[in-house]
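The values are calculated or read from the model by the stated rules, or taken from the named source; none is laboratory data. It should be emphasised that the depicted structure is a prediction, and the values quoted were computed from it without experimental measurement. SASA here: full protein model, heavy atoms, side chains in, ligands and nucleic acids out. Shrake-Rupley method; radii C 1.70, N 1.55, O 1.52, S 1.80 Å.
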Amino acid sequence: MDFDSIYLEDCPCCGGVGSIEEEGGWCVYVQCLDCGAHTGAVSFEGQEELLIAAERAAMNWNARKVIAPGPGE
Ligand SMILES: [Zn+2]
């Protein structure tokens, strides 16, 4: 899947680069490649919903709704 069309702001925690990650074929989230901050996972069913779910995760990221990496995570 190509997520290049989805715009991502810089990481709200560290200003790093966010990356859309697909996990297990059922959910996507956005994660910072530098500090590990991430959005909640958005579940999807089938490839048609994958892009929608990815855009939803990107919206959360761009709205700064992220979970900061805590100690021990
Ligand atoms: Zn970061």
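Tell me the relative contact order for the chain as a rounded percent, counting alpha carbon contacts under 8 Å between residues six or more apart. Intermediate values should be presented prior to the final figure.
Values: 122 pairs, mean separation 21.4, N = 73.
Reported as a whole number, the value is 29 percent.
Just to confirm, what accessible area per residue do you get for the stretch 1-69 at 1.4 Å probe, in whole Å²? Write out the running numbers ahead of the final one.
Numbers: 4090 Å² over 69 residues.
Solvent-accessible surface per residue comes out at 59 Å².
Helix 46-62 versus the longest principal axis of the chain: what is the Cα-based angle in degrees, 0 to 90, to the nearest 10?
The angle comes out at about 30 degrees.
Percent of accessible area on the chain owned by carbon and sulfur, 1.4 Å probe? Don't skip to the answer; put the middle values down first.
Numbers: 2150 of 4500 Å².
Result for the chain: 48 percent of the exposed heavy-atom area is carbon or sulfur.
Just need the Rg to Rh number for the stretch 18-62, please, alpha carbons only, Kirkwood Rh. List each step's numbers first, then the result.
Numbers: Rg = 9.7 Å, Rh = 10.2 Å.
A ratio of 0.96.
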